[in-house]
Structures are given as structure tokens and as C-alpha cells.
Amino acid sequence: MRRVPTHQLRTGDRIGRDVLSSSHEIPLLRAGIRVSDSYRESLLRSNITSVWVDDGLSEGITRWK
């Protein structure tokens, strides 16, 4: 999983972690959802600057604790 700037999201990218609203901690998008053009535009309008994406580029990468 890797963090991607919202403006670089591509249609079909899979969200890796829930995207939460900054004011209410309500999920705007749930993990596993595929990005569409309308989802990307909604995230940008909501001032979400980056999201976690689960894709082949990050496959096999483990996070140090």
C-alpha cells in the first residue's frame, strides 16, 4: 500500500484505507472501493490531498514498525 496525491489517482485504483472526512471522521470512501472520475473529483472538492492505494507497485512492501 502506498500514499498517492489525490490529483494523481487513476480511474480503477483501489483505495487501501478508508478515506475519512476531516471534520466528522465519517468515511467518504471505504477501503477496497475502485476510484472513478467522480470519486476523484469529490475527494478534490473535499480538500483530501492524498489517499492510500493498494496496487501492484506496492505489492510485497512491508512497513517497518
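Relative to a virtual label point 7 Å from the Cα of W52 in the Cα→beta-carbon direction, which members of segment 1-31 show backbone nitrogen distances below 13 Å? Under 13 Å, as judged by backbone N against the label point of W52, lie 1-4, 15-20, 30-31 of segment 1-31.
Of the whole protein surface, I26 contributes about 100 Å² of accessible area at a 1.4 Å probe radius.
D54 contributes an accessible area of around 70 Å² to the protein surface, as traced by a 1.4 Å probe with all chains present. Expressed in units of 2.2 N^0.38 Å, where N is the residue count, the Cα radius of gyration of the chain is 1.08.
Using a simple charge model, +1 on the beta-carbon of Lys and Arg, -1 on the beta-carbon of Asp and Glu, nothing else, what dipole does the chain show about its Cα centre, in debye to the nearest 20?
On the way: 11 positive and 8 negative charges, 32 e Å.
Using only the charged Cβ atoms, the result is roughly 160 debye.
The values are calculated or read from the model by the stated rules, or taken from the named source; none is laboratory data. Fair warning: this is a prediction, and the values are worked out from it, not measured in the lab. Note that we place each Cβ from the backbone using ideal geometry, even for glycine, and neighbour counts take in every protein chain shown. SASA here: full protein model, heavy atoms, side chains in, ligands and nucleic acids out. Shrake-Rupley method; radii C 1.70, N 1.55, O 1.52, S 1.80 Å.
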